[in-house]
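Peer 1: The structure follows.
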Amino acid sequence: QVTLVESGGGLVQAGGSLKLSCTVSGRAVSMYNYVMGWFRRAPGKEREFAAAISWSGTRIHYADSVEGRFTISRDNDKNTVYLEMTSLEPKDTAVYYCAAAGSLTTRAKDYDYWGQGTQVTVSS
């Protein structure tokens, strides 16, 4: 059983920043086994990919919509992955989910484990 718990969401003004965290836990779980991704679901929209990072942190993918503003990183010793978000815009308002997969991918269906999500609201 692998459990993912996100934190760090909240309300921020446009142009502001937030840093999300996702901690992975479970019996005999090591983050070294997993690619980690962040997805988001805006009100009335489909879930979309935001960022993903390989187990070593050397390979990273970003969605075009967040490239240059968001930074994904990970600390395997702390079993935690981060999403630092800057220059936030109202269109970034969404529930943000972290997820774990066996290989680097941007497709939600390839992720095996998901957190419950954390709300990010950007006001104009």
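The values are calculated or read from the model by the stated rules, or taken from the named source; none is laboratory data. It should be emphasised that the depicted structure is a prediction, and the values quoted were computed from it without experimental measurement. Cβ sites come from the backbone with ideal geometry, for glycine too, and all protein chains shown count toward neighbours. Areas reflect the complete protein model, heavy atoms only, side chains present, ligands, DNA and RNA absent. Shrake-Rupley method; radii C 1.70, N 1.55, O 1.52, S 1.80 Å.
Peer 1: Of the conditions (1) farther than 19 Å from Ser103 by Cα; (2) open to solvent by 30 Å² or more (accessible area, probe 1.4 Å); (3) in a loop (DSSP other than H, G, I, E, B); (4) without any contact (Cβ under 8 Å) to a residue 40 or more places away in the chain, Thr58 satisfies every one except a single condition; which number is it?
Peer 2: Among (1) farther than 19 Å from Ser103 by Cα; (2) open to solvent by 30 Å² or more (accessible area, probe 1.4 Å); (3) in a loop (DSSP other than H, G, I, E, B); (4) without any contact (Cβ under 8 Å) to a residue 40 or more places away in the chain, Thr58 violates only (1).
Peer 1: Determine which member of the set Val24, Val66 is more than 19 Å from Val2 (Cβ to Cβ) and aliphatic (A, V, I, L, M). First the steps, then the outcome.
Peer 2: Values: Val24 fails: more than 19 Å from Val2 (Cβ to Cβ).
None of the others qualify; the one that does is Val66.
Peer 1: I need the full set of residues from segment 62-94 which are within 12 Å of the chain's Cα centre (by Cα) and either surrounded by fewer than 18 Cβ atoms within 10 Å (Cβ to Cβ) or without any contact (Cβ under 8 Å) to a residue 60 or more places away in the chain (or both), in order please.
Peer 2: Step one: list which residues in segment 62-94 are within 12 Å of the chain's Cα centre (by Cα), which gives 62-63, 66, 70-74, 80-85, 94.
Correct list: Tyr62, Ala63, Val66, Phe70, Thr71, Ile72, Ser73, Arg74, Thr80, Glu84, Ala94.
Peer 1: Give the residue, chosen from Val120, Val35, that is within 20 Å of Ser17 (Cα to Cα) and in contact with a strand residue (DSSP E or B) (Cβ under 8 Å, 6 or more places away or on another chain).
Peer 2: Numbers: Val35 fails: within 20 Å of Ser17 (Cα to Cα).
Of Val120, Val35, the one residue that is within 20 Å of Ser17 (Cα to Cα) and in contact with a strand residue (DSSP E or B) (Cβ under 8 Å, 6 or more places away or on another chain) is Val120.
Peer 1: In addition: Give the residues of segment 105-118 that are open to solvent by 40 Å² or more (accessible area, probe 1.4 Å) and within 12 Å of the chain's Cα centre (by Cα), sorted by residue number. It would help to see each step written out before you state the result.
Peer 2: Filtering segment 105-118 down to residues open to solvent by 40 Å² or more (accessible area, probe 1.4 Å) leaves 106-107, 109-110, 112-114, 116.
Residues satisfying the conditions are Thr106, Trp114, Gln116.
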